[in-house]
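Below: one structure, written as structure tokens.
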Amino acid sequence: MHHDRRTILLGLSLLAATLPGSALAEASKIDVEAILNDPEAPVAGNRDGDVTVVAFLDYNCPYCKTSAPDLARIVKEDGKVRLVYKDWPVIAETSVYAAQLALAATYQGAYERAHHALMAAKGRLSKAQISAAIQGAGIDMTRLQADLDANGDKITALLRRNLAQADSLGLQGTPTYLVGPFRTSTLDYKGFKQVIADARAKPASQ
């Protein structure tokens, strides 16, 4: 299961206020290159891997949290998976805050530490819980705030692009995983392993 379209409307309203009308119009056009290779989107795993997993996630999504450890495990064990993170904060206002802090952590090379800490935090998160989780991951909070202040516009622009890409794909909720030519939602370790094998057997059209 994942969050349905009705739940997403809250998140859309949070970002749409700052999303230019032209961007909304462009959202109907699927840009595969931008989805796979946005230079600002965090990438994990093997950057030269033979299968790319694009993960659209929200830090307040319980199903994202359930799948996160299994996704991390398969990426590590497989060794040939490229993982692209798409922070897609659509559930609550604090989802946006969590995504902003996680992306700000990129500037000190700590996105994945922030990401995993937030995914491990239970339940619907408050701003205080978000900050505590990130600090608990050993991230320099003073630098994090400085990076957020200096790069806030770039982070907001990335979140807008993620939103537009999700809309262009007609995504209905979190989590959504694009694995090669396949689209799926909540998976366990066995499920991730199977869909990655399927993607290798049936590569996306070039």
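In whole percents, the pair-distance distribution calculated for the range 71-114 from its alpha-carbon pairs, binned every 5 Å from zero, is 5, 20, 21, 21, 19, 10, 3, 0.
A P(r) calculated from all alpha carbon pairs of the range 88-206, with 5 Å bins opening at zero, reads 2, 10, 17, 18, 18, 16, 11, 6, 2, 0 percent. Take the Cα of residue 32, step 7 Å toward its Cβ, do the same at residue 77, and the gap between the two points is 3.0 nm. Carbon-plus-sulfur accessible fraction, the range 93-205 (probe radius 1.4 Å, protein heavy atoms only): 51%.
Over all directions, average the projected area of the Cα convex hull of the range 150-196 and note it in nm². Working shown, then result.
Values: hull surface 17.3 nm².
Over all viewing directions, the range 150-196 projects a mean Cα-hull area of 4.3 nm².
May I ask for the distance between the Cα centers of the range 80-105 and the range 106-126, given as a whole number of Å? After rounding, the separation between the Cα centres reads 9 Å. Listed values for the range 154-171 are Karplus-derived 3J(HN,Hα) couplings in whole Hz (6.51 cos²θ - 1.76 cosθ + 1.60, θ = phi - 60°), namely 5, 5, 4, 4, 5, 4, 5, 5, 4, 4, 5, 5, 4, 5, 5, 7, x, 5, and x replaces Gly and Pro.
The values are calculated or read from the model by the stated rules, or taken from the named source; none is laboratory data. Every value quoted in this text rests on a predicted model; they were computed, and no experiment measured them. No Cβ is skipped: glycine too gets one built from the backbone with ideal geometry, and neighbour counts run over all protein chains shown. Surface accessibility is based on the protein's heavy atoms, side chains included, excluding ligands, DNA and RNA. Shrake-Rupley method; radii C 1.70, N 1.55, O 1.52, S 1.80 Å.
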